[in-house]
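The values are calculated or read from the model by the stated rules, or taken from the named source; none is laboratory data. Please read all numbers here as calculations on a predicted model, not as lab measurements. For neighbour counting, all protein chains shown are included, and Cβ atoms are generated from backbone atoms with ideal geometry for every residue, glycine included.
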Amino acid sequence: MPVSTPKVTTHGGIFILEWAREKLKMHISRIHEERGSLYGEFLASRLTSPEQPLSNTRINMLSATGRNALVRELTDRDETLEWLTIVQQACAIVTTRYREGEPVVPLKNLKPRNTPKYRLYPYILEGEISCLFGFGGSAKSYMATLLGTLIHCGTAVLGFEPIQGNTLYLDWETSQHTVYERANAIKQGMGIESLELPLYRRCTRELAQETTEIQRMILENGVKFLIVDSVGMASGMGEAWHECAIRLLRAVRSFSISTLLIDHKPKKGETIFGSVYKINEVRSAFEILASQLPGDSFMDVLIKHAKVNDAPYTKPRSYHIRFDPKSEPAQWVKLEPQDMLKVAQFVESAPLRDRIQSLLRHGKMTIKDIAEELGKPEGQVRARLNEGKGTVFTPIGLGEWGLLSNEPD
């Protein structure tokens, strides 16, 4: 009986071939070209006993010597299959598809996508690379853990609207116990009833060096959302920052899932630390600012959009974070919406229209007085007032302006 045609699944640089009738599976990874040859690692196993591999070896797929060596090894383990045909099939399929790359797509034939725009509204774009960056101690990892937990559990809170999907936390910064404690405290504080928690992996090597292993984890665990904490360690940042950034971003792109990069902000500068490639290549980037006094069991954070492609900018959002003051580590952490205009450090980041509205709650004012109070040009103030005329603001006469209603938003 001839060998059946295998079912082929690919993800990034990984090929998985399954022969249903022969009850056989081959996992081919770490594929690379070298001096005209194409090498790959072959892991073969029975579908009925995947934990007992028949072979795990690296061969040159274009070499008859390499293929025959694999055939002999597999035949020694199991004489019931036509290994020469199977190995030739596998090498031909992988070689062809690897060198073909992605197919040409006629855009005119595409239909509007029926997938959601966001994996988690309003911060995580579906299938794209997003970035959360800020100074050290600004609760970046806490916020990332919150977003990952909401996605993993499929729980909506505080206006966050997730599409449920398994989350994998790749950690170069701390430990599994710390991330576990943070995720549990967030669940307790936010009333998340699901028993689930994100998947976790401690990392030490440069992410680009572990691309194949991470792709395997994504496939095996059905991961839909990836957190990289943090970019500095994950990229192996050295003197050639742009090369490190390109390697990391290329690796992350190969995963083809929603990804959140956690990154730092330099002491001087208004964007992500290091190479400009990072801010240019991510599809959405948010800066996080924090306000906390030493000894406080609470802090205020502000998240504001720094860059976005093919989606609207999100209005800055502020949150008040309360930590359980009675235990260390905290048994619960709770986030609540916060009026950013009530936090002195965040006022300058608020939209001018919001600042004008807050000021006019105390009474009518002229454009000149508003401009002086806020330290802004009169032209900008006039433009914002006219934009909101009839919906938020109203002229009162004698050059003064007021609110249509003094009720808070």
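With (1) under 25 Å from Arg322 (Cα atoms); (2) touching a residue at least 24 places away in the same chain (Cβ under 8 Å) as the list, and Leu170 as the residue in question, which single condition is left unmet?
It is condition (1) that Leu170 fails.
How about region 6-20: which of its residues are farther than 10 Å from Ala90 by Cα and assigned to a loop (DSSP other than H, G, I, E, B)?
Passing the criteria: Gly12, Gly13, Ala20.
Could you tell me whether region 156-163 includes any residue that is over 22 Å from Val333 (Cβ atoms), modelled with pLDDT of 95 or more, surrounded by 15 or more Cβ atoms within 10 Å (Cβ to Cβ) and not hydrophobic (A, V, I, L, M, F, W, C)?
No, that holds for no residue.
Does Leu335 fit the bill of being in the same structural domain as Val282 (by TED's automatic domain parsing) and touching a strand residue (DSSP E or B) at 6+ places or on another chain (Cβ under 6 Å)?
Spelling it out, Leu335 is indeed in the same structural domain as Val282 (by TED's automatic domain parsing) and touching a strand residue (DSSP E or B) at 6+ places or on another chain (Cβ under 6 Å).
Does Met190 qualify as being at pLDDT 90 or above, more than 14 Å from the chain's Cα centre (by Cα) and assigned by TED's automatic domain parsing to the domain that holds Asp171?
yes
Criterion first (assigned by TED's automatic domain parsing to the domain that holds Tyr142 and modelled with pLDDT of 95 or more) does Leu249 satisfy it?
In short, no.
With in contact (Cβ under 8 Å) with a residue 12 or more places away in the chain, more than 17 Å from the chain's Cα centre (by Cα), assigned to a helix (DSSP H, G or I) and surrounded by 16 or more Cβ atoms within 10 Å (Cβ to Cβ) as the only criterion, which of Ala245, Ala208, Ala185 stands out?
Ala185
Quick one: in region 76-86, which of the residues that are in contact (Cβ under 8 Å) with a residue 40 or more places away in the chain and outside any loop (DSSP other than H, G, I, E, B) is farthest from the chain's Cα centre (by Cα)?
Out of the qualifying residues, it is Thr85.
Working only within region 96-150, note down all residues that are of a type in the set (S, T, N, Q), out of contact with any Pro (no Cβ under 9 Å at 6 or more places or on another chain), within 22 Å of Val282 (Cα to Cα) and not in a loop (DSSP other than H, G, I, E, B).
Residues satisfying the conditions are Ser130, Ser141.
I'd like the residue in region 220-242 that is in a helix (DSSP H, G or I) and among the small types (Gly, Ala, Ser) and, out of all such residues, is modelled with the lowest pLDDT.
Gly232
Select from region 248-297 the residues that are within 25 Å of Thr149 (Cβ to Cβ), among the aliphatic types (A, V, I, L, M), part of a helix (DSSP H, G or I) and in contact (Cβ under 8 Å) with a residue 60 or more places away in the chain and list them in ascending order.
The answer is Val252, and nothing else.
Out of curiosity, is Thr75 modelled with pLDDT of 95 or more and either surrounded by 12 or more Cβ atoms within 10 Å (Cβ to Cβ) or touching a helix residue (DSSP H, G or I) at 6+ places or on another chain (Cβ under 9 Å) (or both)?
The answer is yes for Thr75.
Using the structure shown, decide if Leu38 is surrounded by 11 or more Cβ atoms within 10 Å (Cβ to Cβ), more than 25 Å from Glu220 (Cβ to Cβ) and modelled with pLDDT of 90 or more.
no
Hey, among the residues in region 298-333 that are among the β-branched types (Val, Ile, Thr) and assigned to a strand (DSSP E or B), which one's surrounded by the fewest Cβ atoms within 10 Å (Cβ to Cβ)?
Ranking the qualifying residues of region 298-333, first place goes to Val308.
Take Glu161 and decide whether it is touching a Phe, Trp or Tyr at 6+ places or on another chain (Cβ under 8 Å), over 26 Å from Arg250 (Cα atoms) and either basic (Lys, Arg) or in the same structural domain as Ile288 (by TED's automatic domain parsing) (or both).
Taking the combined requirement at face value, the residue satisfies it.
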